[in-house]
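**Q** I'd like to ask you about the structure that follows.
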Amino acid sequence: MHPRRLSRPPVASRKQRGFTLVELITVILILGVLAAVALPRYADLQGKAREAKAHGVLGSVRAASAMVKAMAMANGTSCGSASGTTATLEGTTVGLNYCYAQALGSLSAGIFGAANVAANDGWVVDGTNVGGATPGTVVQINLSDASTPASCFIKYISAVDAVTPPGISAVVSGC
């Protein structure tokens, strides 16, 4: 018989005991580069969220304006009158200018009441642009938690005649 030889096990069956320092530094460097590239893309998520909120309210105001006009016409309201008529939309009575919602300086009345825009959602009426319930009145609501509230707003200009719809726009440069 042959004497028993002591030999090392094959390389493939050896257990790895950890990472080398070079491997660890390489992983840390790769993670650092990825973080440096990815962070600037996601840094202004709050601003983008406020901008999306403003666009959402803009869509609500446009839809409410069309719904108020449709409701007024369905109820047989005369669209030739500048004021004195109303329409009720989901329990909210809205004053009308030529069958479109009036621009009123309150979030619970006029077009913003019809669109269900509320102060607890961060919106504030800018009183400098509110003139009353007459045709052509401009009312503006600013998003109060925006980085520049005066540059993040929805503007509504009430209808001036029976054929021209109200002006509805948004400025989101300061959201």
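**Q** May I ask for the angle, rounded to the nearest 10°, between helix 45-74 and the longest principal axis of the chain, with both axes built from Cα atoms and the value confined to 0 to 90°?
**A** Between the helix axis and the principal axis of the chain, the angle is about 30 degrees.
**Q** Determine the share of the chain's accessible area contributed by carbon and sulfur atoms, expressed in whole percent, with a 1.4 angstrom probe.
**A** 60 percent
**Q** When the dipole is taken about the Cα centre of segment 50-175, and only Lys, Arg (+1) and Asp, Glu (-1) are charged at their Cβ, what size is it in debye, to the nearest 20?
**A** Once rounded to the nearest 20, the dipole reads 120 debye.
**Q** Can I ask one more? Under 10 Å, Cα contacts only: if you run a Gaussian network model on the chain, which one of Val139, Val22, Val37 comes out with the highest mean-square fluctuation?
**A** Val22
**Q** Can you give me the accessible area per residue for segment 72-175, using a 1.4 Å probe, in Å²?
**A** Roughly 43 Å² per residue, with all protein chains present.
**Q** If I model a spin label as a point 7 Å beyond the Cα along the Cα-Cβ vector, how far apart are those points for Ala36 and Ser83 in nm?
**A** Distance between the two pseudo-spin positions: 6.3 nm.
**Q** Something else: Which distance in nm do the two modelled labels at Arg17 and Thr164 give, with both placed 7 Å along the Cα-to-Cβ direction?
**A** 8.6 nm
**Q** Please provide three numbers in whole Å: the alpha-carbon extents of the chain along the principal axes, with the largest listed first.
**A** Sorted from largest, the Cα extents of the chain read 118, 35, 27 Å.
**Q** So what is the relative contact order for segment 96-175, in percent, with contacts set as C-alpha pairs under 8 Å and at least six apart?
**A** Once normalised by length, the contact order is 27 percent.
**Q** Semi-axes of the equivalent ellipsoid of segment 23-79: what are they in whole Å, largest first, if each equals the square root of 5 times a C-alpha gyration tensor eigenvalue?
**A** Taking √(5λ) for each Cα gyration eigenvalue gives 54, 8, 5 Å.
**Q** Which order do peptides 48-57, 104-113 fall in by mean Cβ count within 10 Å, highest first?
**A** Highest mean packing first, the order is 104-113, 48-57.
**Q** Springs between alpha-carbon pairs under 10 angstrom, Gaussian network model over the chain: which of Ala64, Ala43, Ala101 fluctuates most?
**A** Ala43
**Q** Among Asn142, Asn97, Asn129, determine the one that fluctuates most according to a GNM of the chain built with springs between C-alpha atoms less than 10 Å apart.
**A** Maximum among the listed residues: Asn129.
**Q** For segment 87-161, just say rounded, prolate or oblate: build the C-alpha gyration tensor, square-root its eigenvalues into a ≥ b ≥ c, call rounded for a/c under 1.5, and beyond that prolate if a/b exceeds b/c, oblate if not.
**A** It is oblate, given that a/c is not under 1.5 and a/b is not larger than b/c.
The values are calculated or read from the model by the stated rules, or taken from the named source; none is laboratory data. Note that the structure is a prediction, hence the values are computed from the model and not measured. All Cβ positions, even for glycine, are placed from backbone atoms using ideal geometry, and neighbour counts span all protein chains on display. Each accessible area value is taken on the protein alone, full model and side chains, heavy atoms only, with ligands, DNA and RNA left out. Shrake-Rupley method; radii C 1.70, N 1.55, O 1.52, S 1.80 Å.
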